[in-house]
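Q: Sharing a structure below in structure tokens format, with a few things to ask.
Every number here is computed from the coordinates shown, using simple stated rules; none is lab data. On a predicted model such as this, the values are computed, not experimentally measured, just so you know. With ideal geometry, Cβ positions are generated from the backbone for all residues, glycine too; neighbour counts draw on all protein chains shown.
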Amino acid sequence: MSKFPMPGTPVRGSKSGKPLMAIFDLLGRSWTIGILWHLSDGGDATFGELQQRCEAISPTVLTKRLSELQQGGLIERTDHGYSATSLGQELFEMLAPIGEWSREWASKINPDL
């Protein structure tokens, strides 16, 4: 079981746990960006709604990622389920241009897309 990538402690790719490497470790885990994307772009969601939005995610993985995202301060539990925090929303807004860039990149390396 992987532990939460705490800045200042060893994480994937960094023995010193540089903050950038810690957030990349967290975001590189399966479904992490997808969950953040769905909560930031689609609004609050219950566990079941989020599981539907994420299509094939297992309940075990969803539970683990929700816990990690909460520990990282990127999402929170609300009366209506889960919601992106202001920090999570800010991260989502920084990732959106990378999403746009990735579509251009994909069309250049795979014109059939």
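Q: Would you grab the residues whose amide H sits under 5 Å from the one on G81? Only those 5+ places off in sequence or on another chain, please, with H modelled 1.01 Å from N.
A: none
Q: Taking all pairs of different Cα atoms in the chain, averaging 1/r and flipping that mean, what Kirkwood radius in angstroms comes out?
A: After inverting the mean inverse Cα-Cα distance, the result is 15.0 Å.
Q: If exposed trypsin sites (Lys or Arg not before Pro) are those in a DSSP loop with at most 11 other Cβ within 10 Å, what is the longest stretch of the chain that has none?
A: 16-113
Q: While we're here: Rounded to the nearest 20 Debye, what is the dipole magnitude of region 67-113 about its Cα centre when Lys and Arg each give +1 and Asp and Glu each give -1 at the C-beta?
A: Charge dipole, region 67-113, about its Cα centre: 100 debye, nearest 20.
Q: Right, here's the next one. Could you give me D for region 50-111, from Stokes-Einstein at 37 °C and 0.692 mPa s, where the hydrodynamic radius is the Kirkwood radius over C-alpha pairs? Units µm² s⁻¹, please.
A: In µm²/s, the coefficient rounds to 243.
Q: Per DSSP helix of 4 or more residues, -39500 (n - 2.57); summed, then divided by the residues of the chain. What does that give at 222 nm, rounded to the nearest 500?
A: It comes out at -18000 deg cm²/dmol, rounded to the nearest 500.
Q: Give the lysines whose C-alpha is closer than 18 Å to that of K15, dropping any in the same chain fewer than 8 places away, or say none.
A: Answer for K15, where 18 Å is the Cα cut-off: K3, listed by chain and number.
Q: Once both labels are modelled 7 Å past Cα along the beta-carbon direction, what's the L27-E76 spacing in nm?
A: Calculated label separation equals 2.2 nm.
Q: When the expected Rg is taken as 2.2 N^0.38 Å, what fraction or multiple of it is the alpha-carbon Rg of region 1-40?
A: This ratio for region 1-40 stands at 1.19.
Q: To continue, here is another question. Students often forget the sequence filter, so: which aspartates and glutamates lie under 19 Å Cα-Cα from K64 once same-chain residues fewer than 8 apart are removed?
A: Those aspartates and glutamates meeting the cut-off are D25, D44, E49, E55, E76.
Q: Given L50, T85, V11, which one lies farthest toward the positive end of the charge dipole of the chain, if we put +1 on the Cβ of every Lys and Arg and -1 on the Cβ of every Asp and Glu?
A: V11
Q: Might you report the magnitude of the Cβ-based charge dipole of the chain about its Cα centre, with Lys and Arg at +1 and Asp and Glu at -1, to the nearest 20 debye?
A: 640
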